[in-house]
1. Give me 180, 319 sorted ascending by neighbouring Cβ count inside 10 Å, so fewest comes first.
2. Between residue 158 and residue 425, with labels modelled 7 Å along Cα→Cβ, what's the label distance in nm to one decimal, could you check?
3. In whole angstrom, note down how far apart the Cα centers of the stretch 402-419 and the stretch 160-174 are.
4. Measure out, as a whole number of angstrom, how far apart the alpha-carbon centroids of the stretch 212-285 and the stretch 342-390 sit.
5. Ratio of Rg to Rh for the stretch 193-446, alpha carbon only, Kirkwood?
6. Looking at the square roots a ≥ b ≥ c of the eigenvalues of the Cα gyration tensor of the stretch 234-372, which shape do they give, rounded for a/c under 1.5, prolate if a/b is larger than b/c, or oblate?
7. Using the number of other C-beta atoms within 10 angstrom as an exposure proxy, rank 252, 313 with the fewest first.
8. Go ahead and run the numbers for FRET between residue 56 and residue 403, Cβ-Cβ distance against an R0 of 51 Å, rounding to 0.05.
């Protein structure tokens, strides 16, 4: 046993006072502090265990106080085993004189548990305690090297008074960004984060006028603006919705029904082209997203059911990274239920009104009953103010209710540009509205 013990690094721990001590590893002392003597001993034990973990093997520890000393083997899992007494003169502690021989004392550090208390032969060469060879050690890779890079420096302020000072000084004074700008930059980074494949966001509330279509357009516009395209806003009404009416017009009036009829041409992976979808979707210009409208023919009798939704979703997921789905008001419609099943992220939308809020609460109850508890818990709730000043009491009640049900609850302000329900002009929105929807979109992206 002595031959094996001799290969350990030399660690000496000394409790010097009720609140301090020293751990010397091969002669290099490290001070240790604690609230009392027991806390000091726990800190010493943690430090020695960390050394064993770093070396991937047991280490030899000599403990000392003013009365005597004792030796232990300390394993990477924190387990301690007593060893035979040693010659005190051989153990030198920096700043401490050699201690005269004395009978062994109880361990200075925490004793082993009852399971380990019984003496057992010290294993000559336990597999987990053997030093790792160079070949066994993990080889550093390029990814390790790249991950070690320091974070990119924060650029100078461009917003707020900090940005104003920078512009007025011609760039000679470069204040750091304020809290608002840092939050703004963080939100953009979260929206731009790479995804693990195509993702589907489903916007829900079974009441008309709950802000669903507006939320769908603004989420898609924010994703498209900051991700550079590959975003689709899709009106998944079983008959007619209003998403197509509120989108920028296209040269055609084709809808999801027309795409469904011609879907086979897009299922041939050799000949299908994303550009061919332009004859069915409506490009939204500088906001860099497309719109797929629901059926707009008042005389038509066709509907989109679950099977049709699934066929469309499977094909569209090959061409778009983010799909934001606007839903109808019928929770019992098969295409509504298919959208919920396909959702990677639910967004529950409500205006701060009693009727739309009650509808959203009823919706959540229904989702629980249908087995969608996990999706509800990860959902994001968006509360839209129907006027410049919302009912503060109702606002508090809504936050209290949905904070207990969903992952996050966020507010978006009233905006005059959205009141008429006409074609969405993203540039006409106030900066406060755009910023609020950026924060909503970033929170949604966190769940993707």
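Please treat every number below as a calculation from the coordinates, not as lab data. Predicted model only: the values in this text are computed from it and were never measured. Glycine gets a Cβ as well: all are built from the backbone with ideal geometry, and neighbour counts include every protein chain shown.
1. So the ranking, lowest neighbour count to highest, is 180, 319.
2. The modelled label-to-label distance comes out at 2.5 nm.
3. Here the answer is 34 Å between Cα centres.
4. Computed from Cα coordinates, the inter-centre distance equals 24 Å.
5. 0.95
6. prolate
7. Fewest-to-most Cβ neighbours within 10 Å comes out as 252, 313.
8. Efficiency, from the Cβ-Cβ distance: 0.65.
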